[in-house]
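As structure tokens, the structure follows; a few thoughts come after it.
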């Protein structure tokens, strides 16, 4: 056990004046307040950043954010205001960023270049004023922070929907937040009085924790991330534990950067102590796909201190361009023991993840866990009578299953679907469904996760049946469902899974029959289209290809393939966009444009999937890297007519396309010959024609949609997703 290091308050004096030197400076308040209705939390950030532009001129940016966490309603609401320099700063950093996925970079830069800040960020209405005499900040007339001569702080805000007027009086001396030459300090206890306004104005009182610090420029190849807890215990002790990490966004790996434990005794003495910080009870944001632990254990052996820290509720993520995407700033309750005696308390948890996205495909893969959680609700791992009754459609008459071996029902109806979804799929439909809600600023709730997961089930069910009809032995890098469970079971389980949506819908929209009817109509349209597309796919394109080779005319063949792609593949994301748009309250114009765009994404995905087949198909792994799921030119070797082959009709000499078609027409072509044909299709421009076509669909649909949407992080990411679908890079 390491002894604690003691430090007097005089050794850690604070200088919270605005600085001239380049870098970041922040003033952060986490405030526990109480009004006549009960307890709530208020977090306030003032942030200033200074760099030099590429031409050497100085660039300053400022941001102020505040969010209120109310455990009574489990609501988390606030405002975020940035100045003009913040948008320019983001562009400068993005242009210099060699880590972020280029499609995401481009989408953000294009939005910022138009002068748009992604909501919830708003533009400060007036310039920022920095006082010359002491700490005196006025951020655009929206929020103010001033330090009085007696050491108290005045904190005020007048936003569009909320505000506050607070006086904060320090109860303990300033302490350094970490050891060493680090410019970070805090006041662990301040008494707070004043008023808070929103739907109504109310007098409040409480306590606050104030942090001030400065640092170097944002962004580097290795990005810092951290978790911090600041706790006030009822015995007068205060606890600060900061655990840092350095994250390699490209590799997806992290390296510990130390744990800093600091105690403040009841009389204000600072003690540096070894500490352990462990998180559990992970929660994933449906908006950012960031995953945060929401229960934490704090152990400080030198003081026999053992604490359990729990968030009031998980959904306390703050989203802003300031953070890249989002951070968790959550109010917590504390209980545990110190020196054998029980203690309780309150505090704040901050989780600041590495928010840069190096690979959009790997980012979207984070949605897989959300989809799997939804699937677990519907298809439990072990037989459950009530769930199986629901899948059988007899939940109101469970006695019909009396005498039935539930294991048999589970093995033939549930296990095949669970097996199918456990493969190495990309899960982009789940993410796209959540993003479609976020594009319209719909509040994402747990039931939306179930809706998004249902699209993954529907898609997976189509694949299960498709593999039987195509006699495909492999799916997602392993044996197809019918190879493991048999064709009859695969067909029955796959078709039964189509009806899962009805069960979810009744649970998600129990009281709105009109909305449920509209969604049912869309769902049935999707199923009609998908089955029609599958019917045409079963019929195949051999005769159409024969005709194209004979005449040299590619367009009739291409029209047929496009129709199949739209019906079989693109109809699902189109219907998904319509359903999510209805949930989000989209206007008719938004609904149509969203449907067209997501159909374009689905169409582009299928076209580039045909291209990927020539090169070998891979799926991303959550820890980085990819795994092969299809060998080079499997479809071509099986004699399937794909988009690159169809485009080649108009691009190759007649003798060459006849030779190629003769080689692959009847399937089982020699692998060496197929590899050579794939190279020919690359060289003749057929692949480039496919990519141009896919990009054209996505670009035109996005141009129609973007003017109808508010600019949000989700809309920017969906724009990037479309760019990815239109041109998936060679793995």
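Structural remarks
- Residue in segment 54-74 that is in the same structural domain as residue 158 (by TED's automatic domain parsing) and at positive phi present: yes
- Residue, surrounded by the most Cβ atoms within 10 Å (Cβ to Cβ), within segment 270-304, restricted to residues that are closer than 19 Å to residue 242 by Cβ and touching a helix residue (DSSP H, G or I) at 6+ places or on another chain (Cβ under 9 Å): 270
- Subset tally (residues that are touching a strand residue (DSSP E or B) at 6+ places or on another chain (Cβ under 6 Å) and over 20 Å from residue 123 (Cβ atoms)) for segment 27-50: 13
- The one condition in (1) under 26 Å from residue 239 (Cα atoms); (2) surrounded by 15 or more Cβ atoms within 10 Å (Cβ to Cβ) that residue 196 fails to fulfil: (1)
- Filter result for residue 549 (assigned by TED's automatic domain parsing to the domain that holds residue 570, within 19 Å of residue 569 (Cβ to Cβ), touching a helix residue (DSSP H, G or I) at 6+ places or on another chain (Cβ under 6 Å) and at pLDDT 90 or above): no
- In segment 523-544, the residues that are more than 19 Å from residue 639 (Cα to Cα), touching a helix residue (DSSP H, G or I) at 6+ places or on another chain (Cβ under 6 Å) and surrounded by fewer than 18 Cβ atoms within 10 Å (Cβ to Cβ): 532
- On the stretch given as segment 398-424, residues that are outside any helix (DSSP H, G or I) and touching a helix residue (DSSP H, G or I) at 6+ places or on another chain (Cβ under 7 Å) total 0.
- Looking only at segment 305-335, and only at residues there that are surrounded by fewer than 20 Cβ atoms within 10 Å (Cβ to Cβ) and over 22 Å from the mean Cα position of the chain (by Cα), the one that is nearest to residue 714 (Cα to Cα): 310
- Inclusion of residue 19 among residues that are at pLDDT below 95, over 16 Å from residue 188 (Cα atoms), in contact with a strand residue (DSSP E or B) (Cβ under 7 Å, 6 or more places away or on another chain) and part of a strand (DSSP E or B) is not warranted.
- Some residue of segment 600-612 being surrounded by fewer than 18 Cβ atoms within 10 Å (Cβ to Cβ), touching a helix residue (DSSP H, G or I) at 6+ places or on another chain (Cβ under 9 Å), assigned to a helix (DSSP H, G or I) and assigned by TED's automatic domain parsing to the domain that holds residue 459: no
- Some residue of segment 207-225 being under 23 Å from residue 168 (Cβ atoms), touching a helix residue (DSSP H, G or I) at 6+ places or on another chain (Cβ under 9 Å) and in the same structural domain as residue 88 (by TED's automatic domain parsing): no
For (1) touching a residue at least 24 places away in the same chain (Cβ under 8 Å); (2) farther than 17 Å from residue 456 by Cα, each residue gets a yes or a no:
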site	(1), (2)
552	yes, yes
562	yes, yes
577	yes, no
580	yes, no
588	no, yes
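- Residue in segment 117-127 that is touching a residue at least 60 places away in the same chain (Cβ under 8 Å), touching a strand residue (DSSP E or B) at 6+ places or on another chain (Cβ under 6 Å) and under 17 Å from residue 28 (Cα atoms) present: no
- Members of segment 495-518 that are under 18 Å from residue 375 (Cβ atoms), in a helix (DSSP H, G or I) and free of Cβ contacts under 8 Å to residues at least 60 places away in the same chain: 495, 501, 502, 505, 506
- Residues satisfying the stated conditions in segment 543-562, i.e. under 42 Å from the mean Cα position of the chain (by Cα) and part of a helix (DSSP H, G or I): 555, 556, 557, 558, 559, 560, 561, 562
- Residue list for segment 106-126, filter: buried (at least 20 other Cβ atoms within 10 Å of the Cβ) and either more than 17 Å from the chain's Cα centre (by Cα) or part of a helix (DSSP H, G or I) (or both): 107, 108, 111, 112, 117, 121, 124
- Restricting attention to segment 694-731, the residues that are buried (at least 18 other Cβ atoms within 10 Å of the Cβ) and either out of contact with any helix residue (DSSP H, G or I) (no Cβ under 7 Å at 6 or more places or on another chain) or in a helix (DSSP H, G or I) (or both) total 22.
- Verdict on residue 137 being surrounded by fewer than 22 Cβ atoms within 10 Å (Cβ to Cβ) and either without any contact (Cβ under 8 Å) to a residue 40 or more places away in the chain or assigned by TED's automatic domain parsing to the domain that holds residue 210 (or both): yes
- Residues of segment 43-59 that turn out to be modelled with pLDDT of 95 or more and surrounded by fewer than 20 Cβ atoms within 10 Å (Cβ to Cβ), as a count: 0
The values are calculated or read from the model by the stated rules, or taken from the named source; none is laboratory data. Just so it is clear, the model here is predicted, and its values are computed rather than measured. Backbone-built Cβ (ideal geometry, glycine too); neighbour counts: all protein chains shown.
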